[in-house]
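The values are calculated or read from the model by the stated rules, or taken from the named source; none is laboratory data. Note that the structure is predicted; figures quoted are calculated from it, not measured. Cβ coordinates were reconstructed from backbone atoms using ideal geometry, including for glycine residues, and neighbour counts include every protein chain displayed. Heads up: the accessible areas ignore ligands, DNA and RNA and are worked out on the full protein's heavy atoms, side chains in. Shrake-Rupley method; radii C 1.70, N 1.55, O 1.52, S 1.80 Å.
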Amino acid sequence: MTDDRARLDGRRLVLRADATTESGTGHMMRTLALAQAWIDAGGRGRWFVADAPPALLERIGAEGVEVVRIDAPAGSREDAAMLRAALVDDPKAVAVVDGTQFDDAYLAELGETGRQVMFVDDSAGRSGYPIGLVLNQNAHADPADYPEDGTTRFLLGTRYVLLRREFRAAPPPRTTPPVARHLLVTFGGADPTGMTRRTIDVLRRLPATTRREIEVQLIVGSANADGTEIEAAAADPGLGFTAVVDRAVRDMPARMAWADLAITSGGSTVWELARMGCPALVVETVPVERLLVAGLVKVGLFGHLGPGATLDDSRMTDAIAAKAEDVAWRTKMSARGMRLIDGTGARRVVDALAELSLSSKEPT
């Protein structure tokens with residue numbers, strides 16, 4: 001790897017990812033991390049988007065990435081045709097596609113330009129990958145789950161975790177207090193199952209003496225439709241603890257460095273928490289997180305509360321209370337997370353994409 005900004009010599013990375021209330025913002029945020037690393041290495045970015053919150057589009061534009069709106073259903077043939085045309089017009093460009101709406105038909109529709117494409121995958125559930133690169137950054141990623149293919153390169157495992165620029169710096173030294181007093185609640189950019197609001201009620205069940213000692217930061221993402229309700233619940237003087245709501249936070253590392261314990265979903269945020277050495281309790285909020293959490297179990301990282309749909313509030317309260325007082329567990333989780341995630345995964349993926357770009361054929 002290198003930090004030489006000239007090495008990509010202006011080559012373009014075409015990005016295709018959306019963010020909605022249903023899908024959340026995780027696909028776009030990890031794609032943003034890759035765009036940042038590509039630009040930092042001297043490349044250019046163009047982002048095709050069908051749906052995203054305005055605040056997130058502004059953030060992408062502020063990175064110097066050209067934003068192009070797609071006037072077609074996400075994942076449709078017309079959507080694929082637009083990406084294919086961009087790659088035909090620029091044979092040295094490479095593309096990144098991230099999202100569950102991009103099915104086998106979408107990838108097949110890319111045709112010969114598929115050799116210039118990387119697909120970001122979480123589930124390993126496809127029979128084939130007619131593209132140049134596949135990235136599965138999760139701990140459950142296993143080569144045995146993917147078809148043998150001499151033309152497709154697979155980037156598998158946590159060494160390729162995509163973290164934004166702000167997570168590259170070494171985390172500040174962390175002291176683990178005997179009892180966790182600073183609690184961070186973050187359920188992604190959309191939180192479609194309402195776990196942020198529910199966690200406020202769960203924390204209300206803690207003993208009064210415990211509640212008086214804790215401070216809670218509630219992160220409300222740009223696609224969360226329940227922000228006003230969450231703010232009202234956090235302002236309730238009967239909570240018995242101090243709760244602060246932060247909307248569309250830019251400096252997540254600072255929040256994670258502040259926290260002694262996080263309550264979160266099983267998406268990409270777990271890797272940010274691991275990087276910052278913040279121990280966490282994880283709730284599965286959407287089906288794909290079952291696989292992601294299985295990967296956490298595999299590497300012995302964090303506590304796992306199971307699917308939110310079947311999770312009992314009293315059990316969740318008991319788990320938070322227990323881990324808040326378990327200094328040995330929190331110390332171990334903090335150290336294990338920082339060993340596992342080094343913050344440079346995006347640069348490794350940029351290196352692989354740069355090789356893919358160089359291998360693209362010149363137009364005939």
Checked the stretch 296-330 for anything free of Cβ contacts under 8 Å to residues at least 60 places away in the same chain and polar (S, T, N, Q); matches are Thr310
Just to be sure I understand, how many residues within the stretch 213-237 are open to solvent by 40 Å² or more (accessible area, probe 1.4 Å), touching a Ser or Thr at 6+ places or on another chain (Cβ under 8 Å) and not hydrophobic (A, V, I, L, M, F, W, C)? 3
Could you tell me which of the residues Asp351, Asp312 is under 30 Å from Arg7 (Cβ atoms) and not aromatic (Phe, Trp, Tyr)? Asp351
How many residues of the stretch 232-248 are without any contact (Cβ under 8 Å) to a residue 60 or more places away in the chain and under 24 Å from the mean Cα position of the chain (by Cα)? The answer is 4
May I ask you to list the residues in the stretch 222-259 that are out of contact with any strand residue (DSSP E or B) (no Cβ under 7 Å at 6 or more places or on another chain) and in a loop (DSSP other than H, G, I, E, B)? Ser222, Asn224, Ala225, Asp226, Ala235, Asp236, Gly240, Ala248, Arg250, Asp251
Could you check the stretch 287-364 for helices (runs of 4 or more DSSP H) lying wholly inside it with 1 or more residues that are closer than 25 Å to Thr193 by Cβ, among the polar types (S, T, N, Q) and open to solvent by less than 40 Å² (accessible area, probe 1.4 Å)? 313-325
May I ask you to say which residue of Ala72, Ala180 is hydrophobic (A, V, I, L, M, F, W, C) and either within 26 Å of Thr21 (Cα to Cα) or out of contact with any strand residue (DSSP E or B) (no Cβ under 9 Å at 6 or more places or on another chain) (or both)? Ala72
Output the residues belonging to the stretch 266-286 that are part of a strand (DSSP E or B) and open to solvent by less than 10 Å² (accessible area, probe 1.4 Å). Ala280, Leu281, Val282, Val283
Can you list the strands (runs of 3 or more DSSP E) found entirely within the stretch 120-206 that contain at least 1 residues being open to solvent by 10 Å² or more (accessible area, probe 1.4 Å) and not β-branched (Val, Ile, Thr)? 153-156, 182-186
